1. Please work out if residue 364 is surrounded by 22 or more Cβ atoms within 10 Å (Cβ to Cβ) and aliphatic (A, V, I, L, M).
2. Taking the condition of a type in the set (D, E, K, R) and without any contact (Cβ under 8 Å) to a residue 60 or more places away in the chain, does residue 255 pass?
3. Of the residues that sit in the stretch 93-142 and are of a type in the set (D, E, K, R) and within 16 Å of the ligand (Cβ to nearest atom), which one is nearest to residue 259 (Cα to Cα)?
4. Would you check if there is a residue in the stretch 431-445 being on the phi > 0 side of the Ramachandran plot, outside any strand (DSSP E or B) and aromatic (Phe, Trp, Tyr)?
5. In this structure, does residue 366 turn out to be in contact with a strand residue (DSSP E or B) (Cβ under 9 Å, 6 or more places away or on another chain), more than 16 Å from the ligand (Cβ to nearest atom) and charged (D, E, K, R)?
Amino acid sequence: MDDFIYRDPGKENGEEAGQALGVDGAVRSRSTGLFCEGVPLSRIAREVGTPVYVYSYNTLTRHFRVFDEAFDGIPHVICFAMKANSNLAVVRSFSALGGGADVVSGGELFRALRAGVMPSKIVYAGVGKTVSEIEAALKAGILMFNIESQEELLAIDGVAGRLGVRAPIALRVNPDVDAKTHPYISTGLKKNKFGISIEQAMDEYERAEALPNVKVVGIHQHIGSQLTEISPFVDSLKKTAELVRKLKSRGLGIKYIDVGGGLGIRYLNEKPPLPSDLARAIRPVLEDLGCTLVFEPGRVLAGNAGCLVTKVLYRKSTQEKNFIIVDAGMNDLVRPTLYQAYHEIKQVITTDAPEFLADVVGPICETGDFLAKDRAMRVPQPGELLAVMSAGAYGFTMSSNYNSRPRAAEVMVEGDRYYIVRRREDYEGLVSGEEIPEFLGEKAAHDAQRARQGTR
Ligand code: LLP
């Protein structure tokens with residue numbers, strides 16, 4: 001497809017072609033500027049406004065296929081981690097290819113079902129499932145609950161009993177392995193809140209097996225996110241595999257091994273393993289167990305399939321620093337300030353302006369409101385467009401209305417066409433659901449009138 005050129009680091013590195021998930025898969029440069037597939041980002045910005053998230057359908061689906069093909073020959077289900085990007089169109093893009101969903105809330109479950117994910121391909125994780133969320137998942141008939149604690153197990157047993165069904169469950173084991181990633185997104189260490197320690201897991205499984213309304217079907221692990229090495233996956237899966245053998249020898253029916261997500265992507269110069277590397281490394285560990293593998297990739301499917309397009313509002317220089325003030329803030333993309341995460345920032349229309357070092361900051365009233373710090377870039381003009389790269393995962397889903405900023409629009413591009421897959425929020429939307437209680441009524445009405453008259 002001439003229109004869609006995908007920079008393939010696998011090929012660049014002389015590795016297996018077609019297996020790589022590159023940093024600028026979704027967006028490529030033409031002499032006229034950045035395009036997403038066949039559509040200029042400048043056109044989307046002009047017609048939809050900024051800030052706007054733009055996703056490439058063909059990159060999303062390519063990433064899914066690369067992941068899927070890596071595990072050819074092993075029974076497996078790919079349950080997209082919806083926390084990375086829960087837009088209905090994105091979720092549908094994967095479910096249409098046979099993908100499932102990893103959900104962590106009633107809201108994500110609702111979205112998964114609305115997007116058309118088969119309930120039998122939904123796994124449900126998270127340390128704080130509520131009774132009504134458990135009920136909804138049982139009624140939908142999901143593949144399994146990934147259980148995080150003994151109390152949760154008992155709660156699920158109780159709800160299932162009340163509904164007259166048996167809840168399919170896996171225990172999330174915590175293998176105590178260092179994922180070697182940012183501490184906020186490392187989950188498989190003993191000190192983290194996630195899962196049940198591998199030492200206690202056998203007892204918990206036996207307790208589960210004795211419960212009348214749950215059915216043990218699997219085991220789950222997830223050790224962290226943005227992993228750039230293979231060894232933590234292998235180390236933890238070896239522990240998990242050993243436990244599976246013990247469980248099977250005691251007659252427990254482990255059908256599914258849920259490997260979790262976590263495969264990293266290239267934001268700057270990381271060299272994360274490819275899905276094929278992961279497959280090669282874990283096949284020997286898991287193959288002889290005769291289980292179906294469940295994967296929960298999020299970032300690796302969506303991260304480099306999207307970018308955030310923002311417009312330069314103003315420039316300002318202090319004695320210390322240059323600032324570029326753009327119309328996207330930490331409420332739109334919180335990763336830079338929350339994790340000191342690096343996102344490449346590209347000019348949408350290339351210029352030959354001189355380079356300088358600048359902080360790219362948003363309009364929010366917080367010092368932490370930045371998208372980049374001390375970044376070398378060409379001095380932009382007000383009105384110029386910038387693309388914040390690798391923003392397809394944990395971008396929009398982590399956005400908020402802080403400073404009463406309507407959340408950005410989301411667009412999906414397919415070939416030469418684009419589709420608004422979430423319209424920009426408006427001011428009415430911001431206050432819908434809010435109410436001024438009656439006891440404040442008169443005063444509020446009075447204040448509003450005074451404000452209109454400008455007599456404050
Ligand atoms: N499965 C479970 C149980 C998870 O907790 C997560 C991510 C995933 C799968 C997907 O992981 P992935 O393949 O995307 O690495 N907000 C952070 C990332 C938090 C990840 C939380 N759990 C960020 O922006 O980097």
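Taken together, the values in this text are just the output of simple stated rules run on the coordinates, not laboratory data. Nothing here was measured: the structure is a model prediction, and the numbers come from that model. Don't worry about glycine lacking a Cβ; one is built from the backbone with ideal geometry, like all the others, and counts go over all protein chains shown.
1. no
2. Yes: the conditions hold for residue 255.
3. Per the stated criteria, the residue is 102.
4. Taking every residue of the stretch 431-445 in turn, none turns out to be on the phi > 0 side of the Ramachandran plot, outside any strand (DSSP E or B) and aromatic (Phe, Trp, Tyr).
5. So residue 366 fails the test.
To keep it simple, each residue is scored yes or no on (1) under 15 Å from residue 172 (Cα atoms); (2) away from the ligand (no atom under 16 Å from the Cβ); (3) in contact (Cβ under 8 Å) with a residue 60 or more places away in the chain.
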| residue | (1), (2), (3) |
| --- | --- |
| 212 | no, yes, no |
| 223 | yes, no, no |
| 232 | no, no, no |
| 247 | yes, yes, no |
| 251 | no, yes, no |
| 279 | no, no, yes |
